[in-house]
């Protein structure tokens, strides 16, 4: 009887030791995550401070750019009208109506703080992705590390392309339509600076996030959650969803603008199907090779 009690005590001590070891391992992971977050926060703060230093350029040239008739997008549209008159004179934008005002005591101060923080986050995104990669890298096998070695580069590249597309295409087209749209001549379009900044940030950063679709599909395909067969079967529904998204982010009445926005989204979806098919092919090849080994 005493031997059983002794054995039970020993087993209890062993189990407790394993529990303590697991608990320490968990806190070790938390400590590692904390270090990555602190470094990411430090870099974001540095970029935010730089945004404060160059704030005049960021505000006047970048943020207020889509509100000015001499913005690059509007000039290119007028050049297209000169080459292709069939587009119509309405396609050439020479005036952006609508007045931007501040209605709060600390509105302009808050504007500077918020815009600098958003600029700091956008510029820090590549480094944030790098810190994310450093955190998950130790948990991956050698083959997984090799296949995901370009995660930071491709994620950053897609995000930057999405930011540029949103800023130079979606943002100016949407602002032009919304600032000039009116249901009555008795109503004057006057917008708060907070509303304007929110629209520019949402359209620009939102497009950058949407352009991360191939990376998301790659990860889901790696886990076997997404398959190319499912994506091909859902292509018609995806087309409708893409057109709805294009209609929301560009609330313009003409079909050309909506198709201009929807076209790269269709390309991203087809690229995601190709990526998913590539992952499935590699997985099937690995399984087949394992099965055929003697």
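The values are calculated or read from the model by the stated rules, or taken from the named source; none is laboratory data. What you see is a predicted model; the values in this text were computed from it and never measured. Cβ sites come from the backbone with ideal geometry, for glycine too, and all protein chains shown count toward neighbours.
Scanning the range 100-111 finds no residues that are under 18 Å from residue 174 (Cβ atoms) and over 30 Å from the mean Cα position of the chain (by Cα). Among the conditions (1) in contact (Cβ under 8 Å) with a residue 12 or more places away in the chain; (2) under 30 Å from residue 259 (Cα atoms); (3) surrounded by 13 or more Cβ atoms within 10 Å (Cβ to Cβ), the only one that residue 129 does not satisfy is (2).
In the condition set (1) more than 22 Å from the chain's Cα centre (by Cα); (2) farther than 22 Å from residue 171 by Cβ, residue 44 is compliant with all but (1). Residues that are touching a residue at least 40 places away in the same chain (Cβ under 8 Å) and assigned to a helix (DSSP H, G or I) were ranked within the range 226-250; the one that is nearest to residue 281 (Cα to Cα) is 228. Would you mention how many residues in the range 164-196 are surrounded by fewer than 20 Cβ atoms within 10 Å (Cβ to Cβ), under 19 Å from residue 117 (Cα atoms) and under 20 Å from the mean Cα position of the chain (by Cα)? Of the residues in the range 164-196, 1 are surrounded by fewer than 20 Cβ atoms within 10 Å (Cβ to Cβ), under 19 Å from residue 117 (Cα atoms) and under 20 Å from the mean Cα position of the chain (by Cα). Do we find a residue being in contact with a helix residue (DSSP H, G or I) (Cβ under 8 Å, 6 or more places away or on another chain), buried (at least 19 other Cβ atoms within 10 Å of the Cβ) and touching a residue at least 60 places away in the same chain (Cβ under 8 Å) anywhere in the range 132-140? No, there is no match, as no residue in the range 132-140 is in contact with a helix residue (DSSP H, G or I) (Cβ under 8 Å, 6 or more places away or on another chain), buried (at least 19 other Cβ atoms within 10 Å of the Cβ) and touching a residue at least 60 places away in the same chain (Cβ under 8 Å). Scanning the range 141-163 for residues that are modelled with pLDDT under 85 and either under 20 Å from residue 47 (Cβ atoms) or buried (at least 17 other Cβ atoms within 10 Å of the Cβ) (or both) yields 148, 151. Scanning the range 66-77 for residues that are surrounded by 15 or more Cβ atoms within 10 Å (Cβ to Cβ) and touching a residue at least 24 places away in the same chain (Cβ under 8 Å) yields a total of 5.
May I ask you to verify whether residue 116 is touching a residue at least 24 places away in the same chain (Cβ under 8 Å) and touching a helix residue (DSSP H, G or I) at 6+ places or on another chain (Cβ under 9 Å)?
Judged against the criteria, residue 116 is a match.
Looking across the range 78-106, the residues that are in a helix (DSSP H, G or I), in contact with a helix residue (DSSP H, G or I) (Cβ under 7 Å, 6 or more places away or on another chain) and surrounded by 14 or more Cβ atoms within 10 Å (Cβ to Cβ) come down to 81, 87, 91.
Checking 37, 33 one by one, the residue that is within 30 Å of residue 137 (Cα to Cα), modelled with pLDDT of 65 or more, loosely packed, with under 13 Cβ neighbours inside 10 Å and under 24 Å from the mean Cα position of the chain (by Cα) is 33 and no other.
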